[in-house]
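Here's the structure we're looking at; comments come further down.
Rule-based calculations on the coordinates, nothing more; no lab input. Note that the structure is predicted; figures quoted are calculated from it, not measured. Every residue, glycine as well, gets a Cβ built from its backbone with ideal geometry; the counts of neighbours run over all protein chains shown.
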Amino acid sequence: MDKAQNGMQVAHQPFENDRKHRLGHRAFTMFFFSQVKLLLLLILITVGVWYLERYIPPDYAIWGPFAFQIALYVTIAYFLFVLLRTYLQYRYYTYYFTEEAFMMTSGYMVRAEVAALYHQIQNVNILRTPIDRMIGVSRIVILMTGDKLSPQNQIVLPGVGRTKAKLVQRELLTRARKHFNGSA
C-alpha cells in the first residue's frame, strides 16, 4: 500500500502487459533544454548584430539591417527545427511491459527497440539531477547482468515523472523478483 499525496491509501496497480506508455509531459521540457545551447548562441549573435548595427560606417549602412534580418531568420528557423526535433524525440519515446521483458522504443528516423528480460534485471535506479528536480522528472536506469559499466547492460528511460518513476521501478523489481524466483 502506498501513501498518496493527499493522505489516502492507494493499492499498487500493476502495469498492463503490452500497453504502451509515453514519457510525462515534462519530458518535452527536458528534451528541449538539452538542445537549446546553440539556439542561445544564435540569439546572442542576433542581439549582437542588432546592437552593433548603429556603429556601422555610413558607407555600409545598408548592410546592417540586412545582416540583422539574416541572423533573425536563421535564429527563427533553427528555433522551429529544435522545436520539431524535440517534439518528435518526445513523441516517439515509449515503453511497455510484456510477459517476459520490459521494452523501450525510441527514435523517429532510426527506431531503436531495447528489451530487458526480467530475469536479467539486477537493479533499477532512479536518478534526479538538480535540473531534473526543477523540471519534476526522473531518469530510470535499469542495470542488467554483465559488466555494469557497459552501456549495453543499461537501459536509461529519461523524463519520467517522479511518481510514475517509482511505480515503474516497483513494477520492474516485482516482475524481476517473480521471474527470478520462478526460474530457481
Can you tell me the orientation of helix 37-52 relative to the chain, as the angle in degrees between its alpha-carbon axis and the longest Cα principal axis, to the nearest 10?
20 degrees
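How large is the helix-only mean residue ellipticity at 222 nm for the chain, computed as the sum of -39500 (n - 2.57) over DSSP H runs with n ≥ 4, divided by its residue count, in deg cm²/dmol to the nearest 500?
Details: 5 runs with 82 residues, N = 184.
Calculated mean residue ellipticity at 222 nm is -15000 deg cm²/dmol.
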Full-extension gain between Val156 and Tyr78, please, as 0.36 nm times their residue separation minus the C-alpha to C-alpha distance.
25.3 nm
Within the set Glu53, Glu100, Glu113, GNM on the chain using Cα springs under 10 Å gives the largest fluctuation to Glu53
Taking R0 as 35 Å and r as the Cβ-Cβ distance between Ile45 and Met109, the FRET efficiency 1/(1 + (r/R0)^6), rounded to the nearest 0.05, comes to 0.80
For volume of the Cα convex hull per residue in Å³, the choices are [x] 157; [y] 190; [z] 114; which was calculated from the structure?
[x]
Fewest-first sequence of Trp63, Trp50 by Cβ atoms within 10 Å of each Cβ:
Trp63, Trp50
Applying the Karplus parametrisation 6.51 cos²θ - 1.76 cosθ + 1.60 with θ = phi - 60° to the phi angles of region 110-120, what ³J(HN,Hα) value in whole Hz is obtained for each residue in order, glycine and proline being reported as x?
10, 7, 10, 10, 10, 10, 10, 5, 4, 6, 9
What residue among Val160, Val168, Val74 shows peak mean-square fluctuation when the chain is described by a Gaussian network model with Cα springs under 10 Å?
Val74
